[in-house]
1. Hey, can you rank 31-38, 45-52 by average C-beta count inside 10 Å, highest first?
2. Run the simple label-point estimate for residue 135 and residue 101 please: 7 Å along Cα→C-beta, distance reported in nm.
3. Working out 0.36 nm times the residue gap between residue 78 and residue 14, then minus their Cα-Cα distance, what length gain in nm do you get to one decimal?
4. Run the 1.4 Å probe and let me know the accessible area of residue 92, rounded to the nearest 10 Å².
5. By the scheme Lys and Arg +1, Asp and Glu -1, what is the net charge of all other residues having a beta-carbon under 12 Å from that of residue 52?
6. Kindly state, to the nearest 0.05, the FRET efficiency for residue 29 paired with residue 116, given R0 = 22 Å and r defined as their beta-carbon distance.
7. Please give, to one decimal in nm, the separation of the simple spin-label points placed at residue 21 and residue 157, each 7 Å out from Cα toward the Cβ.
8. Could you tell me the calculated FRET efficiency between residue 7 and residue 54, based on Cβ-Cβ distance and R0 = 22 angstrom, to the nearest 0.05?
Amino acid sequence: MNNFKAIIEGLLFISGEDGLTLKEITNTIELEEEQTIELIKELYKNYESDDRGIELEYLGNHFKLTTKAKHKEYYKKLREFEENSELSQSSLETLAIIAYNAPITRIDIDNIRGVNSSYVIRKLLLKGLIEETGRSDAPGRPRLYNITSKFLDYFGLGSIEELPKIEIENTIDDSEKGLFESKYKEDE
């Protein structure tokens, strides 16, 4: 069962600020609900220790991994440092996706980037370059993100319409066109 504790911990980590419901965890690990509850209780006890920087909380019908409030002075220092740091490649990618597709959910951003964007989105929210603008009508009502006026200022834009237009090129040359066509025909 310890392996399932590690799996639950990993699931909660990748779910980020959205967290997971008991049903989502139970369905994912394919155990009985009572077994899942016992594993979550064990995880909760593990995080009670003073030598842990995160804790397991039950907020808004979701289990989430959160930082411990008693260390908030250090988190504030990091936030100040991050606000003054330059944007990483992953931050720029995420900003471009949001700017051209807003309003957009984290899941849609993840699908476009091919990786989890929870951490990058949190950093961009802290910097004030993006904001939460509501909830999607999709199942689970995920948060919708959009750019802010600070984004426009940062990139020297007067409005979103000033973003460069994106043109998608056809990258398949003539020698590759037949690649997807069958050389064989069915008898009629």
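The values are calculated or read from the model by the stated rules, or taken from the named source; none is laboratory data. This is a predicted model, so every value here is computed, not measured. Positions of Cβ are generated from backbone atoms using ideal geometry, with glycine treated the same way; all protein chains shown enter the neighbour counts. Areas reflect the complete protein model, heavy atoms only, side chains present, ligands, DNA and RNA absent. Shrake-Rupley method; radii C 1.70, N 1.55, O 1.52, S 1.80 Å.
1. Packing order, densest peptide first, comes out as 31-38, 45-52.
2. 2.2
3. 20.9 nm is the gain from fully extending residue 78 to residue 14.
4. 70
5. Neighbour charge sum, excluding residue 52 itself: -2.
6. Working from the Cβ atoms, E equals 0.70.
7. Distance between the two pseudo-spin positions: 3.6 nm.
8. Between residue 7 and residue 54 the formula returns 0.85.
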